[in-house]
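To keep things clear, I will list the structure first and then write my remarks on it.
Only the coordinates and a few stated rules stand behind these numbers; no lab work does. Note that the coordinates shown come from a computational prediction; the quantities given were computed from them, not determined experimentally. Methodologically, a virtual Cβ is constructed for each residue, glycine included, from the backbone with ideal geometry; neighbour enumeration extends over all protein chains shown.
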Amino acid sequence: MSPDEQISFDHLPRILSSLSKDVKEIKNFIIRSHDDSSEPDEWMDIRDLCAYHPNHPSKKTVYHWVAIRRIPYHKEGKHIRFSRSEIDTWLAKGYHRTDEELVEDTIGYINNQR
């Protein structure tokens, strides 16, 4: 699609798909550049994870995620630990934008193309 071409409702699915791919590429680039750092990985216990996670889940919720293997974790005896870099990667891959966010991004993209 050329910048001079009028954008219609029919173009929105293709534009959204393209934007979604671009965002994934940017996230992967950020994750890769973060992984290349020479900083040692930080370990978190369940309280640290609850405080670090953007939604601040309860301990019960995190234990449920561990039980169903939804979240990356390491178990040492009775202790469960979480690698900050693995959690960052998991958060980046697991986030799904809402329909409202996709519409807002599309409108912004369309307005910037004019």
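To the nearest ten degrees, helix 84-94 and the longest principal axis of the Cα atoms of the chain are 40 degrees apart.
Across region 39-113, the mean sequence separation of Cα contacts (distance under 8 Å, 6 or more residues apart), normalised by length, yields a relative contact order of 30 percent.
Taking the number of Cβ atoms within 10 Å of each Cβ as an exposure proxy, the fewest-first ranking of Phe82, Phe29, Phe9 is Phe9, Phe29, Phe82. 3J(HN,Hα) along region 102-114, derived from phi through the Karplus expression 6.51 cos²θ - 1.76 cosθ + 1.60 where θ = phi - 60°, amounts to 5, 5, 4, 5, 5, 4, x, 5, 4, 5, 6, 7, 7 Hz, with x in place of Gly and Pro.
Using all pairs of distinct alpha-carbon atoms, the Kirkwood hydrodynamic radius of region 48-114 works out to 14.2 angstrom.
Remark on the chain: Rg and Dmax equal 19.0, 63 Å (Cα only).
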